[in-house]
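Values quoted throughout were computed directly from the atomic coordinates according to the rules given, and no laboratory measurement underlies them. As the structure is a computational prediction, the values presented were derived from the model and not from experiment. Because the Cβ atoms are built from the backbone with ideal geometry, glycine has one as well, and the counts that use them run over all protein chains shown.
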Amino acid sequence: MDTIFALASAPGKAGVAVIRSSGPLALLIAEKLCGICPKPRFSHYVKIRDLHGNLIDMGLVVFFEEPGSFTGEDVLELQVHGSKAVFDAISETLLTIEGVRLAERGEFTRRALENNKLDLAQVEGLADLVAAETREQQKQAQRVFSGELGLKTERWRANLVRVKALLEITIDFADEEIPEDVYPEIVGLLVEMRSDLKKEVEGVRLAERVREGFEVALVGRPNVGKSSLFNSLAGREAAITSEISGTTRDVLEVRMDLNGLPVTFLDTAGIHETEDKVERIGIERSKERSRHADLTLILTDDGLLPGGIEKESEYLVVYTKGDLTGVKGAVSSKTGAGIQDLVSKLSLILQNKLSGIGVATRTRHRVALSSAIENIDRAKEKLESCTEISELVAEDIRRAIMSLDSLIGKVGVEDVLDEIFSSFCLGK
């Protein structure tokens, strides 16, 4: 296998840049560029030279011996000054060594997967961790990256293997009397398994919202202060505000970190009857986005609410223009009164939504878990109708096990690997 290398830190000017290499020639790279054979897991301060002996930089070299490295291979890291010129010089030198090449996107992590250092769910967790923008995203990604989903899957799988083993007993000794009736244990395990898997499936949507962000829509009649509140929440002039009715004609978006939660606020067109074709399109878009939002804020300055809103999502009525109306609890975008209380209330509502969140975080996880549930249901139906068809029940259990295996990458995941690794940088 080739030895690969890449810049593992962010490109551009920095105090330190980390150049990572992985593969059988990692030690050879240390000898050629640094003139030493470094001890595993010790840092050495060295002069780094090209193959002609010209000094490139001075920095630290760290060696991780297989299999105790991130990739499971010999890994060498050069910690040098973060300049493009230094990286280019080291890169040019490495490319002159036969068997050494630049890494592809996510290739370090892919090697970790192939060498059983990570399962597929952990790889996805690592991708989410690198992309995390808020505290809740970081916490969720860390749970998956630490192997929590893999541990759950192994426990589920062990229960199904137990069921399959009990079924095999009834098949192998079909003509003999089995000392103990194994079917109550089989049914009990399947019922318990189905309950656990169902809870995990139900938590996937919430986990996806943490990954992708919650949506909070601001709706109301024209000139009730939607865009002003939108700007106050965003902390900048993200939307045009005017006393002229119909200023906002499309859905505007601002993504924010709301006390650790990723939230996209939607400023929508004022809802009212209009003959203006363009404005009418904007109103329909507003209704559609608010219908699918995780939370809808219905704004009013006089208690009158707009008609035609299908409140499928959770909603909250917010009184605006508190500096003018004097309504108790109303917010004021002009003075800032009530804004922080509103933010706290929104945070609490969205945090409460996370009570049922699981470890599975992606549509792929939901599909695999749902497939396992379907096969368990088929097995239970056969057992309830007749206990003399153990071979067919065992096949359903085998398929359920395969569904769980696909969850952590043991089978049938080649078609998703390229998509997953395309989101990684070269040094990961």
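The table below lists the values:
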{"item": "Packing-based order for 356-365, 86-95, 282-291, using average beta carbon neighbours within 10 Å, highest first", "result": "356-365, 282-291, 86-95"}
{"item": "Dimensionless Rg over Rh [the chain; C-alpha; Kirkwood]", "result": "1.11"}
{"item": "Relative exposure of THR325, THR335, THR268, judged by other C-beta atoms within 10 Å (fewest first)", "result": "THR335, THR325, THR268"}
{"item": "Cα-Cα separations in region 3-114 greater than 19 Å, expressed as whole percent", "result": "38"}
{"item": "DSSP beta bridges in the chain [antiparallel fraction, %, rounded to 5]", "result": "60"}
{"item": "Alpha-carbon Rg with Dmax, taken over region 48-125, Å", "result": "14.8, 45"}
{"item": "Values of log10 I(q)/I(0), in the order q = 0.09, 0.17, 0.23 Å⁻¹, for region 106-217 under a Debye, Cα-only, solvent-free model", "result": "-0.40, -0.90, -1.21"}
{"item": "Per-residue Cβ neighbour rank within 10 angstrom, fewest leading, LYS380, LYS84", "result": "LYS84, LYS380"}
{"item": "Rounded to the nearest 20 debye, dipole of the chain from Cβ charges on Lys, Arg, Asp, Glu", "result": "1860"}
{"item": "Residues PHE63, PHE5 arranged by fewest to most Cβ contacts within 10 Å", "result": "PHE63, PHE5"}
{"item": "Of the DSSP H helices in the chain, those whose Cα atoms cover at least 30 Å axially and whose Kyte score averages -0.5 or more", "result": "148-172, 183-212"}
{"item": "Qualifying GluC sites (Glu not before Pro) for region 308-378 [loop in DSSP, other Cβ within 10 Å: at most 12]", "result": "GLU310, GLU312"}
